[in-house]
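What follows is calculated from the coordinates using simple rules that are stated; it is not laboratory data. A quick note: this is a predicted structure, and the numbers were derived from the prediction, not measured. Cβ atoms come from the backbone with ideal geometry, glycine included; neighbour counts cover every protein chain shown.
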Amino acid sequence: MTLIKSISGIRGTIGGPTGDTLNPLDIVKFTTAYATFIGGKKIVVGRDGRISGLMVRNVVVGTLMGMGYDVIDIGYATTPTTELAVRMSGADGGIIITASHNPRQWNALKLLNREGEFLTAKDGAEVLRMAEAENFQYAEVDQLGTCTIDDSFDQRHIDSVLQLKLVDREAISKRKFRVCADTINSVGGIILPKLFQQLGVEYEILNGECTGDFAHNPEPLEKNLHGIMDRMRQGGFDLGIVVDPDVDRLAFICEDGTMFGEEYTLVSVADYVLSHTPGNTVSNLSSTRALRDVTKQHGGEYTAAAVGEVNVTTKMKEVGAVIGGEGNGGVIYPESHYGRDALVGIALFLSSLAQKGCTASELRSTFPDYQIAKNRIDLTPETDVDAILVKVKEMFAKDNSAQVNDIDGVKIDFPDRWVHLRKSNTEPIIRVYSEAQTMEQADDLGKQLMQVVYNMQ
């Protein structure tokens with residue numbers, strides 16, 4: 001069993017001893033620390049469809065009321081819906097009960113500020129410190145908070161998407177798209193049908209019951225998506241759409257049943273946005289180079305950020321990016337809000353397909369083609385990972401053919417490929433991501449760097 005405490009929240013498996021799992025006592029402690037830190041009077045709570053969601057929700061809401069907060073409980077809700085609900089309701093913060101793409105036995109608390117955005121690293125660290133200190137003050141009986149159920153935010157989220165200038169509802173409706181969507185038995189099965197109906201899109205939903213009993217591994221990777229890929233190969237659909245349990249990650253499948261490519265979700269949406277509103281873009285260091293290429297084609301500047309959504313959004317604000325996100329299928333469109341949002345991504349992607357009058361596979365063929373290999377180096381807990389990464393940086397700093405970036409691990413950028421070494425925050429490993437024009441070249445580059453590390457030990 002596992003309990004992981006980090007600056008982005010607390011997550012773990014359900015059941016087991018305190019201090020080592022996501023259990024009611026630890027949930028109370030962490031929620032109290034957050035409520036103490038955030039200040040104010042009103043907090044939004046939303047949850048995905050996980051089996052443990054109701055239990056966690058009850059503990060979180062009760063604790064917040066015990067702290068004197070008025071809770072707006074929006075029930076089953078996507079992560080971006082909850083983020084928008086904080087802003088729309090004028091709340092002081094929000095708690096999202098979701099473990100994102102983790103398996104069914106996991107759950108987590110993700111913490112939002114009054115802008116509906118994730119806490120900064122500094123603020124998250126302070127919440128962790130307060131949780132460990134356990135110096136809490138609860139409300140007297142006459143100052144206890146209230147709980148209001150509000151199920152209006154799904155529609156308010158959809159309304160905000162439909163009102164975006166670059167969402168071409170007329171073109172989408174005229175195209176008469178037919179889509180197949182896998183919503184992995186979570187909240188996507190509730191909100192996506194409503195979005196499709198209001199866009200004039202015919203749809204079929206796979207795994208649409210919001211039971212939390214996921215039909216397959218919930219991470220939207222090709223190896224987990226054989227069901228919808230087989231359904232697409234039977235014909236009759238223009239596009240396959242896959243979301244994770246909290247609907248902030250998005251992957252597409254072409255009309256012929258082939259993967260559009262998770263990394264190319266952001267690339268394709270960015271290409272559409274940049275064609276109408278030229279500007280800058282941001283993604284994290286482990287995302288495909290194709291976004292940089294597309295950005296330059298449109299006359300903009302691309303900037304890489306450290307891995308993590310809050311790092312990407314911070315950099316986007318610094319450089320005034322018009323679009324950004326992460327290569328895991330996360331689209332962040334500031335015109336809507338600073339958070340990964342699959343609904344926004346779907347509406348913009350369909351707008352692009354409709355305006356171009358092409359198929360998904362034809363659109364995919366217009367972008368630079370890269371392949372990313374993902375490897376890992378397993379180390380002992382005693383290994384000084386930081387020292388190893390410093391040595392790697394020094395080794396390649398002398399190579400005139402490479403650019404070295406050390407804002408998050410070490411990324412070595414060659415003219416036609418790159419490799420990124422980054423230590424895990426939760427286990428003694430180094431993640432090794434590498435990209436080139438073929439998978440073989442990418443994998444070879446990654447393994448060359450892995451051997452470099454092995455030789456250092």
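Details
- For segment 1-127: lysine pairs under 21 Å (alpha-carbon distance), excluding those fewer than 8 apart on one chain: 10
- Ratio Rg/Rh [Cα only; Rh per Kirkwood] for segment 1-71: 0.95
- Of the trypsin sites (Lys or Arg not before Pro) found in segment 1-73, those in coil by DSSP whose Cβ has at most 16 other Cβ atoms within 10 Å are K41.
- Cross-link reach list, lysines versus K393, counting only Cα pairs under 22 Å and skipping chain neighbours closer than eight places: K374, K411, K423, K447
- Cα-based Rg / Dmax (Å) for segment 3-151: 13.8, 41
- Length available on full extension from R178 to D378: 0.36 nm per residue minus the Cα-Cα distance, which gives 67.5 nm.
- Here the calculated FRET efficiency for E202 and V390, from their Cβ-Cβ distance with R0 = 56 Å, stands at 0.50, rounded to the nearest 0.05.
- In segment 207-312, the GluC sites (Glu not before Pro) that fall in loop regions by DSSP, at most 16 other Cβ within 10 Å: E209, E301
- Label-zone membership for segment 416-451, site N400, 7 angstrom Cα→C-beta point, backbone N under 20 Å: 416-417
- Working ranking of peptides 161-170, 241-250 by packing, defined as the average number of other Cβ atoms within 10 Å per residue, highest first, is 241-250, 161-170.
- Per residue of the chain, the DSSP helices (runs of n ≥ 4 H) give a summed -39500 (n - 2.57) that works out to -11500 deg cm²/dmol at 222 nm.
- Taking 0.36 nm per residue of sequence separation and removing the Cα-Cα distance, the Q163/R431 pair yields an extension gain of 92.5 nm.
- Linear extension gain, R129 paired with K356, 0.36 nm per residue minus alpha-carbon span: 76.5 nm
- FRET efficiency, 1/(1 + (r/R0)^6) with R0 30 Å, evaluated for T120 and D142 via beta carbons: 0.30
- Counting DSSP beta bridges with both ends in segment 173-259, the antiparallel % (nearest 5): 35 percent
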